[in-house]
Amino acid sequence: MTTDAIRILPTAPEHRAAWDELYAGYAEFYRVTQTPAMRDTVWSWLMDPAHQVEGLVAVDAAGRPVGIAHFRAFARPLSASTGGFLDDLFVSEAARGSGAADALIGRIAEIGRTRGWSVIRWITAEDNARARKVYDRLAMKTRWVTYDLAL
């Protein structure tokens, strides 16, 4: 998929250094402590075709990765269907407004349609105002409230 000068590619070994920087930026944005070992684990998931998590990279006209997205299928028992869950989406500050977020979400939607998914779902922080403007334009805000039970 291409939006203006943005191309969306599957995450590949040559993206590792840029992906690492972008994913660290994502963790910093959400004030989540993330170590290189944690990024190594997620990278290994992305490189394992048998793992449920998949990744995409948004690349600018110069070929530089400027955004990342991680997604996976999830079962929807109540509707007897499968959906896609967008776990992580991050665009570098310099590339915000470039269409990279739209292109990443659009590509995941294309993948979902091809796979017969019924929905693409994601969550974001209530105070993530800039991203929410994009999300409000592309998708419907639900009435559901999210809970975490720490284990």
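The values are calculated or read from the model by the stated rules, or taken from the named source; none is laboratory data. Quick caveat, the model's predicted, so the values are computed rather than measured. Backbone-built Cβ (ideal geometry, glycine too); neighbour counts: all protein chains shown. The area values use the complete protein model at the heavy-atom level, side chains included, leaving out ligands, DNA and RNA. Shrake-Rupley method; radii C 1.70, N 1.55, O 1.52, S 1.80 Å.
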Q) Is the range 85-96 home to any residue that is under 16 Å from the mean Cα position of the chain (by Cα), more than 14 Å from LEU9 (Cα to Cα), surrounded by fewer than 17 Cβ atoms within 10 Å (Cβ to Cβ) and modelled with pLDDT of 95 or more? A) yes
Q: Considering only residues that are within 14 Å of the chain's Cα centre (by Cα) and of a type in the set (Gly, Ala, Ser), look in the range 100-124 and name the one that is surrounded by the fewest Cβ atoms within 10 Å (Cβ to Cβ).
A: GLY106
**Q.** Lone unmet requirement of (1) closer than 21 Å to ALA17 by Cα; (2) open to solvent by 70 Å² or more (accessible area, probe 1.4 Å); (3) free of Cβ contacts under 8 Å to residues at least 24 places away in the same chain; (4) of a type outside the set (A, V, I, L, M, F, W, C) for ARG64
**A.** (3)
Q | Candidate set: the range 70-84, residues that are closer than 19 Å to THR41 by Cα and without any contact (Cβ under 8 Å) to a residue 40 or more places away in the chain; chosen: the one nearest to the chain's Cα centre (by Cα) | A | HIS70
